[in-house]
1. Of the residues that sit in region 149-180 and are surrounded by fewer than 19 Cβ atoms within 10 Å (Cβ to Cβ) and among the aliphatic types (A, V, I, L, M), which one is farthest from the chain's Cα centre (by Cα)?
2. If I ask for residues that are outside any loop (DSSP other than H, G, I, E, B) and not β-branched (Val, Ile, Thr), which ones from region 126-148 would you list?
3. Please find, within region 265-294, the residue that is surrounded by the most Cβ atoms within 10 Å (Cβ to Cβ) out of those that are of a type in the set (Asp, Glu) and under 22 Å from Gly229 (Cα atoms).
4. Look through region 265-287, keep the residues that are of a type in the set (Gly, Ala, Ser) and in contact with a strand residue (DSSP E or B) (Cβ under 6 Å, 6 or more places away or on another chain), and return whichever of them is farthest from Ala17 (Cα to Cα).
5. Could you pull out every one of the helices (runs of 4 or more DSSP H) wholly within region 241-313 that has 2 or more residues that are free of Cβ contacts under 8 Å to residues at least 24 places away in the same chain?
6. Could you tell me whether any residue of region 184-204 is surrounded by fewer than 16 Cβ atoms within 10 Å (Cβ to Cβ), within 26 Å of Ile123 (Cβ to Cβ) and under 21 Å from the mean Cα position of the chain (by Cα)?
7. Mind checking which residues of region 69-119 are charged (D, E, K, R) and either part of a helix (DSSP H, G or I) or closer than 23 Å to Val49 by Cα (or both)?
8. Looking at Gly31, is it on the phi > 0 side of the Ramachandran plot and assigned by TED's automatic domain parsing to the domain that holds Ala327?
Amino acid sequence: MRVVAAVDKFKGTATAAEVATAIGHACWELGIDCDEVPVADGGEGTLEVLGGANRSNIVTGPLGDAVEAAWRFHRGTAVIEMARASGLTLVGGAEHNDAVAASTTGVGELIDRALDMGAERIIVCLGGSATTDGGLGAVRAIHAPARLRGVEFLVACDVDTLFVDAARVFAPQKGATVNQVRMLEGRLERLVQMYREEYGVDVSTVPGSGAAGGLAGGLVALGGRLVPGFELVADEVDLADRVRDADFVITGEGQLDVTSFEGKVVGGVAHLADELGKSVAAIVGRIDPSAIECDDHRLLNAGVVDLESRFGTDRSHNETRTCIEAAARELLTSRGG
């Protein structure tokens, strides 16, 4: 029996690599071969999944303070996780953020650095931003942006939000008041016109251009190509071939809800396993009722283990990896592993 553990992080308690390792250990104890495949959806955690940081630069943080941002450059490919340079956690969360002033300048500085180093391929991973600046900070920080024309420039995102809608949909999560949302919406409308005039690109109609407070749209104006984050990561780690070679697939994430099947890891792995005719189960921290009501929930045809229900809230939060290992052992034993 060969198992593939294709899993996302359990946010705040276990990285994707730790989750995969826990499942792998359960397999090892049962004499089962396990291919451990940490996966991400293009947001926070993607950098680690794609090899981890091997560079670090001091850049302009979301509110203007200098921050040290880790990123990756290897064999001509740069991987930049925008949360490392312009993330909400860098300012201490929404309650400490200035939703109007927050800027993506640091992301642009990292892109500029990658270009200076001769990058032939640049991957920018969105998610976890403090910003709703339409990517203007990043755009202005890139010297001679025409250099991007000679680069494969990929922008990973997992939402379809349009550019101007970014203010209404995301800004309140970043600390914006009702009046500030209106102000930010007006600013994004002006940026649509500016990007059209300066770069000949109408970002207002591009699905996903509102990701990361419109950073996606700003990068599209510079020639970036938006790609679904899970699909990009799956291609990078050869997930389809690895699932094809497996007998059983285990996926997982911290919370299973309806969004899990809308571009996230669990849904992506479940769909891939279904296409390849493989049985798939999920280990999750907790299950939201919206997931059970979702038609795609049936794709998890070998079951779902909910750690909170199975082990209790305290243990599932404080001993997450041990609980994951136990859950995997139960799943495998029930299959005759």
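The values are calculated or read from the model by the stated rules, or taken from the named source; none is laboratory data. Given the structure is predicted, the values throughout are model-derived calculations rather than measurements. Methodologically, a virtual Cβ is constructed for each residue, glycine included, from the backbone with ideal geometry; neighbour enumeration extends over all protein chains shown.
1. Step one: of region 149-180, the residues surrounded by fewer than 19 Cβ atoms within 10 Å (Cβ to Cβ) are 149-150, 152, 160, 165, 168-169, 172-173, 177-180.
Then keep just the ones that are among the aliphatic types (A, V, I, L, M); that gives 169, 178.
Values: Val169: 18, Val178: 27 Å.
Once the filter is applied, the top-ranked residue is Val178.
2. Ser129, Leu136, Gly137, Ala138, Arg140, Ala141, Pro145, Ala146, Arg147, Leu148
3. Once the filter is applied, the top-ranked residue is Asp274.
4. Ser279
5. 289-293, 307-311
6. no
7. Arg72, Arg75, Glu81, Arg84, Glu95, Glu109, Asp112, Arg113, Asp116
8. Yes: the conditions hold for Gly31.
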